[in-house]
Structure formats: C-alpha cells, structure tokens
Amino acid sequence: MKRKTDDARISRARQTLRGRAVQFGNCDFPDAKTRLEHYLSGAGTPVRYGRDKARSCKPVRELETAIKNNFEQRTFQAIAEDNPEVLKLLDLEDGKTSKVNDRFDVGTAILKRAHKEPSFDLNSIMASGNTTIESNGNFAATRKGNLITTTGTVTHDWQDRYDFDSDKTKTRGLGATDAKTLEDANAAKKFDFGGIWRQKVEATAERRNGKLFTRNVE
C-alpha cells in the first residue's frame, strides 16, 4: 500500500513540474523550459553552452560588461593593489614589451535581484541561480613613446547550478516538496551549466604624469 502511495506522490510531483515546463514554453521562457526539462530527465549531466548562446543570457551579458570595465579601469591603467604584476605597466621602458596577467571573478545572485528589480528578465529568474564568470586575461604590453598597447586573450568561464533551494522554489513558483519528492526518488537531479569562451582584446593607454589613462579598448 505504501509503495502505491509513494508512486502516486511521485507521479503527481512529476506532472506538476512538467506542467510548469509547458507554461514556461508558452510564456516564451526557453532557458527556463529546457533546464527544467533536463532536471526532470534525471540525467544530472552538465550542460555546456557556446559563446553565442551564453551571451544570449542577460546575466552573462551584464557580467561580461562588468568584467570589461574591470580590465579597462584597473588592469590597463595599472590600478590593482591586489595584483602587483599590472604595476609593471607603469615602469615599462620605451620600446620594451612585457607580459601581464590579471583575472576577475564576478557574480550575481539572480533571485536576490528579482526581489529588488521586479522588471528583471523573467526567463533568467526561472532558469538561473547564483551565476558567476571567472575571467583570466593573458596579455603582452608594448610601450611606444607615451602610449602602451596591450593585446591578448581573456578566457571567460561561466558557471551556474540548477537546483531547488528554498529561495529558488519560492521565487520560481515551484513547489519545494515536489522537487524533493522527485530527487529522493532519483526521478530528477540537480546539474551544473555554463560555458567557456575566449575573447581577443586590444587596449591603448596613455602615460601622463606617472599614470596611465585608457584611450580605447576593443
């Protein structure tokens, strides 16, 4: 009798969350739909995205902008107290080239933002959690006169996890009980998602009065 009761409970939970996935599709929330479906498949395998798909996600675009600003305002202007290596740019002699590495980790708690910004992208709210990007920059800087040109590659590593802690289930309108029921029965599994892509960068900074001022970044 207990087995039948458990089976019925699992079936109801699966039906509820499958119905939610259909609603996501009807509301044009493609990421929310596909990630919930992957969760319900019980595979638990990581989902990896290419650069273009990653950048189609609003949180990723926002984090990339924050990272670009960090490199522009700190690395290429040699303002980074926690990374003395970039200070080499200030001492670079005319005609010389030096290797410079720097990194930034930025993140955003999507669901916390949802409470503060009611108009925030609903597809992202339903599909993401605490999304982060780790960006490592490897550059070569060359000085010619008062101009320092820095070229290289930034490798972005986007990471997130699809799961159902209490905050997520409450914000997404999904029942925590249903999710737990399916996970306990191995009928649904949490999974990691994200992607890695590389970006070429070229920046020019002007040296004035012992300081660097960024002129352009591409």
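Work out the length of the dipole vector of the range 2-217 about its Cα centre, built from +1 on the beta-carbon of each Lys and Arg and -1 on the beta-carbon of each Asp and Glu, and round it to the nearest 20 debye.
Values: 40 positive and 31 negative charges, 122 e Å.
Roughly 580 debye for the range 2-217.
Give me the tail of P(r) for the range 8-84 as a percent: Cα-Cα pairs with distance above 19 Å.
Of the Cα pairs, 59 percent sit more than 19 Å apart.
Using Cβ counts within 10 Å as a stand-in for footprinting exposure, how do 47, 201 rank, fewest first?
In increasing order of surrounding Cβ atoms, one gets 47, 201.
For a quick check: with amide H placed at 1.01 Å from N, whose amide H comes under 5 Å from residue 49's, ignoring anything fewer than 5 positions away on the same chain?
194, 195, 196
Identify which of the listed values of P(r) over Cα pairs in 5 Å bins from 0, in percent was calculated from the structure shown: (1) 1, 7, 13, 15, 13, 10, 9, 8, 7, 6, 4, 3, 2, 1, 1, 0, 0; (2) 1, 6, 12, 14, 15, 14, 11, 9, 7, 5, 3, 2, 1, 0, 0; (3) 1, 6, 11, 14, 17, 17, 12, 8, 6, 4, 2, 1, 0, 0.
Label (1) holds the value from this structure.
How far is the Cα center of the range 193-218 from the Cα center of the range 24-58, in Å?
First find each Cα centre; the distance between them is then 32 Å.
Quick note: the coordinates plus some simple rules give every number you see, no bench work behind them. Values in this document were obtained by computation on a predicted structure and should not be read as measured data. Using ideal geometry, Cβ is built from the backbone for each residue, glycine included, and neighbour counts are taken over all protein chains shown.
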